[in-house]
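Heads up: the structure comes next, in structure tokens.
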Amino acid sequence: MAKAAADGAEKAGAQTRLRRVPELAPQEAVESNEDWAKHLDRVADEVEEVSLDDLEWADAVLFGTPTRFGNVAAQLKQFMDTTGGLWQAGKLTNKVFGGFVTTGTEHGGHESTLLALFNSIYHWGGIVVTPGYTEEDQFVQGNPYGGSHTSQNGEVPPDEKALGSTALTARRVVDVARALKRADA
Ligand SMILES: Cc1cc2nc3c(=O)[nH]c(=O)nc-3n(C[C@H](O)[C@H](O)[C@H](O)COP(=O)(O)O)c2cc1C
């Protein structure tokens, strides 16, 4: 889904940086789940870890998270909680943000997780952009708050609906960021 977000943003004319937040879970927890361990191995080679410089560099940011009891994953929240310096220096003001989410089960917390994600952004003075019901596909996908997917507890990979809604969110985020930059210039 992060790749779909990056593709969507690039198609809308943006330069992108695909990043991951550091894993905080203990090694034994990771190793107890084969898919988790494999995923971490793969992304360790493929995807650079995020830094605050990435956040400062970007005019627009899409955050993705699995739900954790209807909330943002602690790993992403921890990164967001390191942004105090940027926020105080006004570096997050008027940046444009969007989000995407996965759950294990239907109605497992897509909307509450995205709304929880947006709380920090409101406090930064960021601008939250959603896919809304702006395109026909959104009436099928059904989540106007951001890209989203239900994995059926790890059984189903992100499908066209999930990838499409994530790409749409990214395009809209980029379009709004571009319009703001133009207005500023
Ligand atoms: C601590 C914890 C809490 C979770 N809470 C929920 C939940 O409330 N609802 C849900 O649908 N899935 C929940 N999940 C499942 C994850 O959201 C799921 O792992 C995530 O969407 C990634 O998809 P996958 O691991 O099934 O491929 C939870 C997972 C963990 C580890």
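Some observations on this one:
- Those residues of the range 52-65 which are more than 21 Å from GLY146 (Cα to Cα) and in contact (Cβ under 8 Å) with a residue 24 or more places away in the chain, in sequence order: LEU52, ASP54, GLU56, TRP57
- Annotation: of all residues in the range 112-165 being part of a strand (DSSP E or B) and of a type outside the set (A, V, I, L, M, F, W, C), the one that is farthest from LYS181 (Cα to Cα) is THR150.
- Of all the residues in the range 51-75, those that are surrounded by 17 or more Cβ atoms within 10 Å (Cβ to Cβ), within 16 Å of the ligand (Cβ to nearest atom) and not polar (S, T, N, Q) number 5.
- Restricting VAL140, VAL96 to residues that are aliphatic (A, V, I, L, M), at pLDDT below 95 and more than 16 Å from the ligand (Cβ to nearest atom) narrows the list to VAL140.
- Listed by position, the helices (runs of 4 or more DSSP H) inside the range 1-96 whose residues that are within 15 Å of the chain's Cα centre (by Cα) and not small (Gly, Ala, Ser) number at least 3 are 74-80.
- Candidates GLU160, GLU135, GLU155 - the one that is touching a residue at least 24 places away in the same chain (Cβ under 8 Å) and either out of contact with any Gly (no Cβ under 8 Å at 6 or more places or on another chain) or within 16 Å of the ligand (Cβ to nearest atom) (or both): GLU135
- Residue satisfying all of: in the range 76-93; in contact (Cβ under 8 Å) with a residue 40 or more places away in the chain and in contact with a Ser or Thr (Cβ under 7 Å, 6 or more places away or on another chain); nearest to the ligand (Cβ to nearest atom) among these: LEU76
- Some residue of the range 66-75 being touching a helix residue (DSSP H, G or I) at 6+ places or on another chain (Cβ under 6 Å) and without any contact (Cβ under 8 Å) to a residue 12 or more places away in the chain: no
- Selection from the range 109-132 of residues that are over 20 Å from ALA4 (Cβ atoms) and within 13 Å of the ligand (Cβ to nearest atom): GLY109, SER112, ALA116
The values are calculated or read from the model by the stated rules, or taken from the named source; none is laboratory data. Keep in mind it's a predicted model, so treat the numbers as computed, not measured. Cβ sites come from the backbone with ideal geometry, for glycine too, and all protein chains shown count toward neighbours.
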